[in-house]
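What follows is one structure encoded as structure tokens, with my remarks underneath.
The values are calculated or read from the model by the stated rules, or taken from the named source; none is laboratory data. A quick note: this is a predicted structure, and the numbers were derived from the prediction, not measured. Quick reminder, even Gly has a Cβ in these numbers, built from the backbone with ideal geometry, and neighbours come from all protein chains shown. Note: accessible area is taken over every heavy atom of the protein model, side chains too, but ligands, DNA and RNA are not part of it. Shrake-Rupley method; radii C 1.70, N 1.55, O 1.52, S 1.80 Å.
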Amino acid sequence: MEVLFQFRVLKCLVISLISTSPTPVSPDQVPTGISRLKKLVSLDLSTFLFNGGKLDTPDLRALIGGLSNLQELYLDGVNLSSNSMNWCQVIAKSAPGLQALSLSGCSLSGPIHESLSKLQNLSLIHLDLNSLSSKVPEFFQNFSYLTELSLVDCELYGLFPPSVFQLMNLKALDVSLNPMLSGYLPEFPKGSALEKLILEYTNFSGSLPGSLGNLKSLTKLALTSCNFSGPIPVSIGKLSRLVYLDLSFNGFTGQIPPQVGGVRISQIILSHNSFIGDIPQSFGKLQNLTKLDLKNNSLNGSIPVTLFTLPALQMLQLNLNKLSGKLEGFSYASSSLDTVDLSDNELQGNIPKSIFELSNLKYLSLASNNFNGTLELDLIGRMRNLSYLDLSSNKLSILNGSGDSSLLFPSISTLKLVSCNLTIIPLFLEHKLDMTFLDLSNNQIGGAIPKWIWSIGKSGLSYLNLSYNLFTHVDVPYVPPLNFSMNSSSMILDLHSNLLQGPVPLPPPNTIILDYSNNFFTSSIPGNFSSYLPFTLFFSLSNNSLTGNIPPSICDATYLQVLDLSDNSFNGSIPECLMRDVSDLQVLNLKGNQFHGSLPQNVGSQCGLRTLNLNGNKLEGKLPRSLANCGSLEVLDLGHNKFVDSFPYWLGNISALKVLVLRSNEFYGPLGHHPVGNYTFPKLQIFDISSNYFSGSLPQECIENLKAMVNNPEPLNLAFGVKYLHFSSSYFYEDSVTMTFKGLVLTFVKWLAILRSIDLSNNRFDGSLPKSFGNLTALQMLNISLNNFTGPIPSELGNLVQLEALDLSHNQFSEEIPQSLVSLHFLSFLDLSYNKLVGRIPLESQFSTFSSTSYEGNAGLCGFPLSRQCAHSNALYPTYSISNKSYNEPNWQSIFGGIGFGGGLAMVFGYLLMWDSGRRWYLDKIDRLFWAITSILCICDNCRDVKIAAEDIDDDMEEEEEPGRKFCVFCTQFAVHKGKMVIHHVECSCNLED
């Protein structure tokens, strides 16, 4: 090697540090005499992507200091970390005539020093995969000879110099994978040489300039995952050399231009934008197109049938749009198509048979459309290469067929036939060795789950969903396949919402998600059941008819994150090991059973519980102080038990606690904080201690510490819960809480994360109501009824601008109703009855909508809606104009004005129907108004003989019925679906008299 450096006229040296032996090349194998090659023009010591090879020189100057004639320097993959701070200065001084600089993956750091600007002859700069952590220098726009600039994944930030895009000799620009790098595309000059423009995964924004059409040489335009917006300019049709176009994951709008590129284009990827309009017909003429991805836009119209005949097309993804109409049949089906996804559109009619003539198709999804008609599996099963088929959620009826089922779908691995009106499990499945994923949920399949279903696939299925069917029993206990081993892939088994009876079936031991909920299983959990749950993360037996104790062996399932045994008839005590030893357990839901005794006293120091729901049991005694070890606890529901204890102030140490329900127990004493310690409940947003024996006055500081009820940030999820399978967003356990809201007993799931509620009702609190309640501006429900509060209603309650329900009934409040309460524009439920209030009832805003029952039992109140007029008052009752049309239309604007979310319609009916005896003279007009509404809404034509559930109804509070009257009480149920809040009509309870 030393002889080599005696060649003084050597101009090009390439030393590839690739070892042919398994032992990496040692650092001393890199010659250090290179600097003596004074005439050297090109030096390539790249080790990038190869094993071994590390330039062991403490000084880059020692390597290239004497190479003043160097024009090309390639050190990709060489570790230059010891020179990371001064590499620019060394290179600029040592090689002033440098034209090509490639230092990708050299452990360099930034910033890029201005000394590099002296290298005016640079035509190639590759600095990929270095932690430069700097801005892109402005002087890059002065490199007039620059043809290639690549700065991939360099942790760049700031504004990219826009003039770099306008360099006339620039052919390739790649600054992808720099998410903090921002910029915009300027006007492109005519004659630009740009061939590749790659800005993927950056923060570039703005619109695409119309001068994009000037890039006549452009072959690749990759702008995925940026923040571009606006329409695609029509000039993109002038890019006749364009081969690859990816504009996905941006905010582009408008219609797709009629021409995109020219005949050479191979891939068009426009997914995850907001495009509207039709798919351009010109796409059906692109003979070189191999991939067309338009998914997740708002495209409408029909699908050009010519797309299915393109000779080179391999992948067609049009899912998640608004495409409609019939899917037309076609001749000359493409032999290259292997992926077709048309799911989640509005397509209708029959599925054309020509779809099933795409001979090389491997992936076909037509799910979530409006296709109808019948399909025979004999027809589809002839697709010999098909491995993925999803026909779910249409209006199809799938028929088994009559041929030899063993010959169908020879390559199938994933089959989804959700909501396909199946009545039996397709017989061909028994013979499928490659099957791994099977979803037949939401059909009408009854009878037994056959024993052969456990033998599908070479080592069993990894996903089996038979939920929402009519299965009655499992044919035989699970028998592992012959070649089953614990190294087999994990399984998800979902049998919930069937008619399954008998003992709990043993699952495959590789099951990680096991859902047996909403069935009719009886008896008890087998003592050896946990031996079948060695890797199980989620296990639910909720809403069955199981009895007996929970076997302590359940704690041997050490990977459990969610255990839901709610709504059964389990009894005995709760195994102590569940709260002491299972550190991975995040959700323990045992509500609605018959557990008795005290809670386990030794909660483990590594407790990872986030949800503990023991509501509706017979548990008693005191709460264990060790429960404070559960530092991640968010939901604690101990309602409807027999606990006897003072207020557990020490739970305030759990900073994550958001929901605390202690209702209907035997807690007692004051609510004040313990004098030692800081127990503030900083994140508490649902606080329900109703129906206990708490007493004394409410301390001001207790209310002031409820910081989560002061601010109402936008939640990431509408529901509380636990994500128990982190590689999939589908597996999220949602918590639920039952509480009294607007006078109704409701179970909240979707609302939980946005709800702010305090219920102190039915206790023995006294004294004045703290003014600090007025600081809880995010509060939506406040119930302090059935206590002994005295004094005036604090005017500060008028600050609770989001309040929807306020119940102060059955206390000793005195003086007038604060005028400030009229500013509660969302208030739709108000109960001030049975206090000692006096004076005029406010008429403004929401107060004009409440009936007399909101104020009864206050002898000193007067004014509308009471029959008792105020002295020296000329106030008139609100009047309603009834027209002489064939139907009487009420003044909806005055009725609904300002009524809070969710309660408007219910309060209209309450207002019209709940009149006291002093206003019976007005019943005739009210009848006309009531029937005008019902005739418009077509609600409750036939009243049913049903009752509305209520808690603790006092018979003395019921009003006497008016003879000859008929009335309906309407209930509503609130839900959140696809981001929208919805009111559902639930039940109608009516009283009819002839």
- Given the protein chains as shown and a 1.4 Å probe, how many square angstrom of Arg384 are accessible, to the nearest 10? 150
- Task: For a quick protection proxy, order the peptides 762-770, 195-203 by their average other-Cβ count within 10 Å, most packed first.
- Result: 195-203, 762-770
- Query: When the convex hull of the Cα atoms of region 62-164 is projected onto a plane and the area is averaged over all directions, what value comes out in nm²?
  - Reply: 5.6
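Provide the gained length on full extension for the span Ser133 to Asn653, in nm with one decimal, where the gain is 0.36 nm per separating residue minus the Cα-Cα distance. Provide the component values of the computation, followed by the final result.
On the way: separation 520, 0.36 × 520 = 187.20 nm, distance 4.08 nm.
This chain segment gains 183.1 nm when fully extended.
If r is the Cβ-Cβ distance from Lys353 to Ser795 and R0 is 51 Å, what FRET efficiency results, to the nearest 0.05? Walk me through the intermediate numbers first.
Values: r = 74 Å, r/R0 = 1.45.
For R0 = 51 Å, the calculated efficiency reads 0.10.
Accessible area, 1.4 Å probe, largest first: how do Tyr332, Tyr834 sort? It would help to have the intermediate numbers written out before the result.
Working: Tyr332 200, Tyr834 80 Å².
Accessible-area ranking of Tyr332, Tyr834, largest first: Tyr332, Tyr834.
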- Message: Please list log₁₀ I(q)/I(0) at q = 0.18, 0.23 Å⁻¹ for region 139-227, using the Debye equation with identical point scatterers on the alpha-carbon positions.
- Response: -0.73, -1.24
- Task: Between Ser109 and Asn711, take the C-beta separation as r, use R0 = 35 Å, and let me know the FRET efficiency to the nearest 0.05.
- Result: 0.30
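What FRET efficiency comes out for Glu844 versus Glu704 if R0 is 25 angstrom and r is the Cβ-Cβ distance? Round to the nearest 0.05.
Numbers: r = 30 Å, r/R0 = 1.19.
Approximately 0.25, to the nearest 0.05.
How much length is gained if the chain between Glu816 and Asn788 is pulled fully straight, taking 0.36 nm per residue apart and subtracting their Cα-Cα distance, in nm to one decimal? Don't jump to the answer; show the numbers that get you there.
Details: separation 28, 0.36 × 28 = 10.08 nm, distance 1.75 nm.
Extending this stretch completely gives an extra 8.3 nm.
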- Item | Net charge, Asp645 excluded, C-beta distance under 13 Å - Lys, Arg +1, Asp, Glu -1 | +1
- Item | Label-zone membership for region 197-235, site Met180, 7 angstrom Cα→C-beta point, backbone N under 17 Å | 201-204
- Taking only the alpha-carbon positions of region 426-572 as identical scatterers, the Debye log10 I(q)/I(0) at q = 0.11, 0.16, 0.18 Å⁻¹ comes out as -0.39, -0.84, -1.07
- Message: Please list 3J(HN,Hα) in residue order for region 440-455, calculated via the Karplus relation 6.51 cos²θ - 1.76 cosθ + 1.60 where θ = phi - 60°; whole Hz, with x for glycine and proline.
- Response: 10, 6, 6, 10, 10, 7, x, x, 8, 7, x, 5, 6, 5, 7, 9
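What does the net charge come to around Lys135 if you take all other residues with beta carbon closer than 14 Å to its beta carbon, with K and R at +1 and D and E at -1?
-3
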- Segment Ala62-Ser302, length gained on full extension (0.36 nm per residue, minus Cα span): 79.6 nm
- For the pair Ser266 and Ile424, how long in nm is the line joining their label points, each one 7 Å along Cα→Cβ? 4.9
- Put a dot 7 Å past each Cα toward the Cβ at Thr777 and Arg764; how far apart are the dots in nm? 3.8
- Task: Mark the label point 7 Å from the Cα of Ser632 along Cα→Cβ and return the residues of region 544-577 whose backbone N is within less than 20 Å of it.
- Result: 555-565, 577
- Task: At q = 0.12, 0.19 Å⁻¹, what is the base-10 log of I(q)/I(0) for region 506-665 according to the Debye formula with one equal point scatterer per Cα and no solvent? Please give it to two decimals.
- Result: -0.48, -1.24
- Message: In whole Hz and in residue order, list the ³J(HN,Hα) couplings for region 176-181 that follow from phi through the Karplus curve 6.51 cos²θ - 1.76 cosθ + 1.60, θ = phi - 60°; x for Gly and Pro.
- Response: 5, 6, 10, x, 8, 8
- Using the Kirkwood radius over Cα pairs of region 142-292, the Stokes-Einstein translational diffusion coefficient at 10 °C and 1.306 mPa s, in µm²/s and rounded to a whole number, is 103
